[in-house]
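First up is the structure itself, then whatever we jot down about it.
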Amino acid sequence: MNQFTQYAPTEIIFGVGTEVKTGTEVRKWGGSRVFVVYGGGSVIRSGLMGRVEASLKDAELEYELCGGVQPNPRLAFAEEARKKAEAFGADFLLAVGGGSSIDTAKAVAHGLANPGVALWDIWTGKVPLEKSTPVAAILTIPAAGSEMSDSAVLTNEEAGIKSGISTPFNRCKFAIMNPDLPLTLPDYQLSCGICDIMMHTLDRYFIPKPKCDLTDEIAEGLLRTVIRNGKLALEDRSDDDAMGEIMWASSISHNGMTGLGRARDFSVHKFGHALSARYDVTHGASLAAVWGSWATFLYKDAPERFAQYARNVWGVKEEDDLRAARAGIQATVDYFRSIKLPVCLPDLNLGEITETDLDALAADATKNDTVKLTQIKPVGYAEALEIFRMANVPDEAHGAGYCEE
Ligand code: NZQ
Ligand code: ZN
């Protein structure tokens, strides 16, 4: 096991109706003027925001609402929101929504504590982040794990870059997780969320060394839980037990627990972010569309690891590692298909993707070949291009077996 530090201090308040505790929680964590960030309006339509406002009023807190965050949240919007939060004199950020609202709230929190510093200078590391403002979340979609993670991801539209920062200042003070809230999600968003939760663990899991038994057991158990309950929640949207399992898994999958003792890599996410930056693809879909190609490209370099995944997560009985590895990849891709996720770039319906486009995507994913992705073997620009080319093959062309010998 490598050295590690685990610091995931977010207080989790889980259960039906827990949003009524919002006001007392904000007070407990020192807030008095609350800047409330939300998305395109689902939280207004569902009535959640009304309950949140009532709780803030009960606790005699001043607050201002700031709606309009888009999925794949934009840097420019965060800068505007930061100005409003400054004018209001906010001392606490509350996100009501999913990863996009939470990440925007985190950005505003950093901006508030660092007046005059451009957010992108913080994002690129030009200005080290040494202080921030407290932030908390009321989660409405299990997916990004931002409610417990140390990350925040923004898209800089002008630069055409989607990237994140990892810092302890990104940890929420508290997260309210009511499993009834995501019951209103469209199927597609729920499927994308399921994939993203799986990927936060898979992107930590496919780092073959060193041996970390407990980390593996947590990761494999989490994956089995999400796969099983993902299907249940999609089949019966009133099943808040299944939704609760997925919701809790979203936090555990990205709070560090499923990768302790190993390096941090997140290579599939680099491919996904390149796709989302250029084509505004929903995050979970961007990952599903490349994972099969990514895995097919790499499994022969780590057959034992892929075989362990196949046996312990999918129950594959095959004794030969290479055959087991292929069966695990096949099972994963079949699962994505079964929950109506794209499994290749043509499935994303982006129109024709030319060789020049693939080239640009590979350059973005590897920061112009300056970053090597994956701990399995170095994946630079040339290898990333090969993976994107494989992903650009229509699903029908794979025939019955996704990943042939
Ligand atoms: O905007 P509204 O109207 O609220 O609608 C949202 C949005 O359209 C809708 N939605 C959310 N909860 C709902 C609902 N609709 C009906 N009922 C509900 N209960 O779902 C759509 C997607 O929302 P979004 O916040 O974008 O979803 P998600 O949580 O998947 O966040 C995605 C963003 O998080 C980033 C992604 O890259 C992407 O930008 N990530 C953040 C991470 C982090 N901070 O740790 C890690 C992840 O890897 C990821 O990169
Ligand atoms: Zn993700």
Query raised in the report: Of (1) over 29 Å from Lys300 (Cβ atoms); (2) of a type outside the set (Ser, Thr, Tyr); (3) modelled with pLDDT of 95 or more, Leu214 satisfies all except one. Which?
Result: (1)
Requested in this report: State whether the residues of segment 138-145 include one that is more than 13 Å from ligand 1 (Cβ to nearest atom), more than 23 Å from Ala285 (Cβ to Cβ), buried (at least 22 other Cβ atoms within 10 Å of the Cβ) and not aromatic (Phe, Trp, Tyr).
Outcome: no
Query raised in the report: Is at least one residue of segment 221-235 more than 16 Å from ligand 1 (Cβ to nearest atom), open to solvent by less than 60 Å² (accessible area, probe 1.4 Å) and among the charged types (D, E, K, R)?
Result: no
**Report entry** From Gly89, Gly111, Gly98, Gly116, residue being among the small types (Gly, Ala, Ser) and open to solvent by 50 Å² or more (accessible area, probe 1.4 Å)
**Finding:** Gly116
Requested in this report: Just name the residue that is farthest from ligand 1 (Cβ to nearest atom) out of those in segment 261-285 that are open to solvent by less than 30 Å² (accessible area, probe 1.4 Å) and either in contact with a Pro (Cβ under 8 Å, 6 or more places away or on another chain) or among the aliphatic types (A, V, I, L, M) (or both).
Outcome: Gly261
**Report entry** Neighbours by Cβ (under 6 Å, 6+ apart or cross-chain): first from segment 284-304, within 18 Å of Ile376 (Cα to Cα); second open to solvent by less than 20 Å² (accessible area, probe 1.4 Å) and among the aromatic types (Phe, Trp, Tyr)
**Finding:** Val290/Phe271; Gly292/Tyr402; Tyr299/Phe306
Query raised in the report: Scanning for something touching a residue at least 60 places away in the same chain (Cβ under 8 Å), within 13 Å of ligand 2 (Cβ to nearest atom), within 20 Å of Asp150 (Cβ to Cβ) and within 16 Å of the chain's Cα centre (by Cα), does segment 205-222 turn up at least one residue?
Result: no
Report task. Starting from residues that are under 27 Å from the mean Cα position of the chain (by Cα) and surrounded by fewer than 21 Cβ atoms within 10 Å (Cβ to Cβ), keep the ones in segment 28-41 and report whichever is nearest to ligand 2 (Cβ to nearest atom). Result -> Gly40
Query raised in the report: Has segment 184-195 got at least one residue that is more than 12 Å from ligand 1 (Cβ to nearest atom), under 18 Å from the mean Cα position of the chain (by Cα) and touching a residue at least 40 places away in the same chain (Cβ under 8 Å)?
Result: no
Report task. State whether the residues of segment 164-176 include one that is within 11 Å of ligand 1 (Cβ to nearest atom) and within 12 Å of the chain's Cα centre (by Cα). Result -> yes
**Report entry** Residues (small (Gly, Ala, Ser) and either free of Cβ contacts under 8 Å to residues at least 12 places away in the same chain or touching a strand residue (DSSP E or B) at 6+ places or on another chain (Cβ under 9 Å) (or both)) located in segment 41-53
**Finding:** Ser42, Gly47, Gly50
Report summary line: Sole miss for Met247 among (1) aliphatic (A, V, I, L, M); (2) out of contact with any strand residue (DSSP E or B) (no Cβ under 8 Å at 6 or more places or on another chain); (3) buried (at least 24 other Cβ atoms within 10 Å of the Cβ) is condition (2)
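The values are calculated or read from the model by the stated rules, or taken from the named source; none is laboratory data. None of the values given here were measured: they were computed from a predicted structure. Positions of Cβ are backbone-derived with ideal geometry, glycine not excepted, and every protein chain shown enters the neighbour counts. When the accessible area is computed, the model is the full protein with side chains, heavy atoms only, and any ligands, DNA or RNA have been set aside. Shrake-Rupley method; radii C 1.70, N 1.55, O 1.52, S 1.80 Å.
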